[in-house]
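For reference, the structure discussed in these notes is given below.
What follows draws every value from the coordinates through simple rules; no lab data is involved. On a predicted model such as this, the values are computed, not experimentally measured, just so you know. Cβ sites come from the backbone with ideal geometry, for glycine too, and all protein chains shown count toward neighbours.
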Amino acid sequence: MRSKLDNFLGKDRKLRSWPAKRSNQRIVVEYLSTNFTEGVEYTEAEINEIIKENHTFNDHCFLRRELVENRLLGRTGDGSRYWKLPLPADENHAEQ
């Protein structure tokens, strides 16, 4: 069975498009957040590289902001360090 997430991924499982519906956007950023490890601090350059490796529409800055705004990544005030925030148990939609 095809999931909502599959509508936005290519055969390589990379994000190929940004959904119009907010509920689907959440599913997509949760999926993207699975490429980061809790307990690890990342530089902005490392975050950008991981995002670039996992999407095909060439807008890593937008996706990084979405990850932060959706509270999937935390960051320092100056943006020099990032880390993965845990998903609340009742909000794990990436598998749908």
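Within a 10 angstrom radius of the beta carbon, how do VAL68, VAL40 rank from fewest other beta carbons to most? If you can, show how the numbers build up before the last one.
Working: VAL68 17, VAL40 10.
Final ranking by Cβ density, sparse to dense: VAL40, VAL68.
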inquiry  = Can you compute 3J(HN,Hα) from phi for each residue in the range 73-82, using the Karplus curve 6.51 cos²θ - 1.76 cosθ + 1.60 with θ = phi - 60°, rounded to whole Hz and x for Gly and Pro?
reply    = 10, x, 8, 6, x, 8, x, 7, 9, 10
request  = Kindly provide the trypsin sites (Lys or Arg not before Pro) of the range 1-43 that DSSP labels as loop, not H, G, I, E or B, and whose Cβ sees at most 10 other Cβ atoms within 10 Å.
outcome  = ARG2, LYS11, LYS21
ask   = Can you tell which of TYR31, ASN7, PRO88 lies farthest toward the positive end of the dipole of the chain, using +1 and -1 charges on the Cβ of basic and acidic side chains (Lys, Arg; Asp, Glu)?
value = ASN7
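Mean 1/r over all different Cα pairs, inverted: what Kirkwood radius does the chain give, in Å?
On the way: mean 1/r = 0.0738 Å⁻¹.
One decimal place: 13.6 Å for the Kirkwood radius.
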Debye intensity ratio in log₁₀ form over the Cα atoms of the range 41-87, taken at each q of 0.30 Å⁻¹ = -1.22
query = What list do you get for SER23, SER3 if you sort them by fewest beta carbons within 10 Å?
reply = SER23, SER3
